[in-house]
C-alpha cells in the first residue's frame with residue numbers, strides 16, 4: 001500500500017478512531033486501528049469489541065492495500081510532523097514507513113486478517129435527528145449514570161423512541177435525569193411501537209465527544225437487535241447495547257409537590273458551590289432551610305467548620321417552612337447543564353425526593369433523593 005495525504009486530514013481521522021481503541025487489551029491487535037483504501041479515500045476503524053468507530057478521509061491512493069497500525073504510537077508521530085504532505089508505505093512484512101519533509105519513521109504493523117469486522121450501519125432503517133438535540137440530551141442525562149458495576153443495567157443511558165417523541169433517562173439509584181424532545185419526522189425503526197434501548201456509558205461518552213467536535217447538523221441513528229449505530233457525516237459509531245430491562249423510572253418521578261421554589265439558576269449554583277466547600281467528603285450534605293421567602297443554605301463538618309449563606313426565593317405557597325438536605329455534587333451537576341435563568345425546586349418533605357427543573361418550556365427534570373438531616 002502507498003498513499004499520500006495532508007497532515008490535517010490524517011490527524012483528524014486517526015484522532016477520531018483512536019478514542020475507541022483501549023490501551024488495556026488482551027488481544028495485541030486491538031491496540032491497533034485498521035487502515036483500508038477505498039477508491040479516493042481511506043477507511044480508518046478502531047474497536048475494543050464493545051464500541052467501534054470508523055471514519056473516511058480523502059487521500060491520494062498510489063497503491064491500494066490495508067494494514068493495522070499501532071494507534072498510540074502512530075498518533076504521537078503524526079502530531080509531531082510538520083504541516084506538509086505525508087506519505088505512507090507498507091511492505092509484505094507489515095512494516096509501515098511514514099515520510100514527511102525530512103522526517104522518516106518505520107514502525108511495525110499487523111495484518112488485517114485477525115482484526116474484528118465492525119457491524120454494518122443499516123442506513124435504510126435509520127432515523128435522522130438534529131445533532132444539537134442528541135448532544136443536549138446526552139449532556140443533560142449522562143452525569144446521572146451509575147458507576148456501580150454490580151448494577152450493570154444502570155451503567156448506561158436509556159433511549160426511548162415512539163412515534164412522536166424521543167426520551168433519554170439515566171439514574172444511579174440516588175438521582176434520576178430525564179429529558180424529552182418532540183420528533184419532527186415519524187421514526188420507521190419503531191414500527192408504530194415504543195422502542196427502548198440502553199446505551200453503555202462508554203459509548204455515550206464517545207458519542208458526546210464526536211457530536212461536540214462535529215459541525216454536522218444531522219445525526220442518523222440505526223438500532224439493531226443488540227446494537228446501535230450513529231452516523232455523523234463521514235464517521236460511524238457502533239456499540240453493543242446493555243441487555244435487560246431498564247427500571248420503571250416513571251414511578252420514581254414525584255407527581256405532586258407541597259412547595260415549589262423559583263430560584264435564580266446561577267445564584268443557586270454559586271451559593272451551593274460555596275457552601276459545599278466545607279463539606280467533608282463525597283458523602284457529606286448541604287442543608288436547604290426555607291423560612292418565608294429566605295432560603296438558608298448551610299453545611300457543618302465536624303473538625304473542619306461551618307458555612308452558611310442566604311438567598312431570596314419565590315415560594316409557592318407562601319409562608320410554608322421546610323428543610324431538606326442533598327448531596328451538593330448532585331445539585332451542582334444538574335444546575336451546570338440547565339441554560340434557563342431560573343429553575344424550580346419542587347419539594348414534598350425532608351424525606352421525599354426533590355425535583356429540579358428549568359422554568360422554561362423544556363421537558364427536562366432531575367430527581368434527587370434527600371440525605372439525612374444533621
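Throughout, read-outs are computed from the coordinates displayed, never taken from laboratory work. Model, not experiment: these values are computed from the prediction. Please note: Cβ atoms are built from the backbone with ideal geometry, for glycine as well, and neighbour counts cover all protein chains shown.
Residue ranges 26-36, 334-344 sort as 26-36, 334-344 when ordered by packing (mean number of other C-beta atoms within 10 Å per residue, highest first).
Each label point was placed 7 Å from the Cα along the Cα-to-Cβ direction; for residue 291 and residue 113 their separation is 8.0 nm. The simple spin-label model puts a point 7 Å past each Cα toward its Cβ; for residue 151 and residue 6 those points are separated by 4.9 nm.
Its residues counted as N, the range 267-349 yields a C-alpha radius of gyration over 2.2 N^0.38 Å of 1.08. Size descriptors for the range 27-69, from the alpha-carbon set: Rg then Dmax equal 11.1, 34 Å. Starting from one equal scatterer on each C-alpha and no solvent at all, send me the Debye-based log10 I(q)/I(0) for the range 123-250 at q = 0.14, 0.16, 0.19, 0.20 Å⁻¹, two decimals. Scattering profile of the range 123-250, log10 relative to I(0): -0.56, -0.74, -1.07, -1.20.
In this structure, residue 72 and residue 319 have a Cβ-Cβ separation that, at R0 = 56 Å, corresponds to a calculated FRET efficiency of about 0.35.
Computed packing ranks the peptides 174-182, 258-266 as 174-182, 258-266, most packed first, by mean other Cβ atoms within 10 Å. Once you reduce the range 1-46 and the range 202-244 to the center of their Cα atoms, the two points are 18 Å from each other. Between residue 194 and residue 91, the FRET efficiency from the beta-carbon distance, with R0 = 45 Å, is close to 0.25. Normalised by residue count, the range 1-91 yields a Cα convex hull volume of 85 Å³ per residue. Semi-axes of the equivalent ellipsoid for the chain, computed as √(5λ) from the eigenvalues of its C-alpha gyration tensor and ordered from largest down, come to 48, 24, 18 Å. How many angstrom separate the Cα center of the range 88-116 from the Cα center of the range 310-332? For the range 88-116 versus the range 310-332, the Cα centre distance is 61 Å. With R₀ set to 41 Å, the beta-carbon distance separating residue 139 from residue 104 gives a calculated FRET efficiency near 0.40. Figure legend: label point modelled 7 angstrom from the Cα of residue 25 along Cα→Cβ; residues of the range 99-123 with amide N under 18 Å from it are 107-120. Among 2-12, 154-164, sorting by the average number of other beta carbon atoms lying within 10 angstrom of each residue, highest first, gives 154-164, 2-12.
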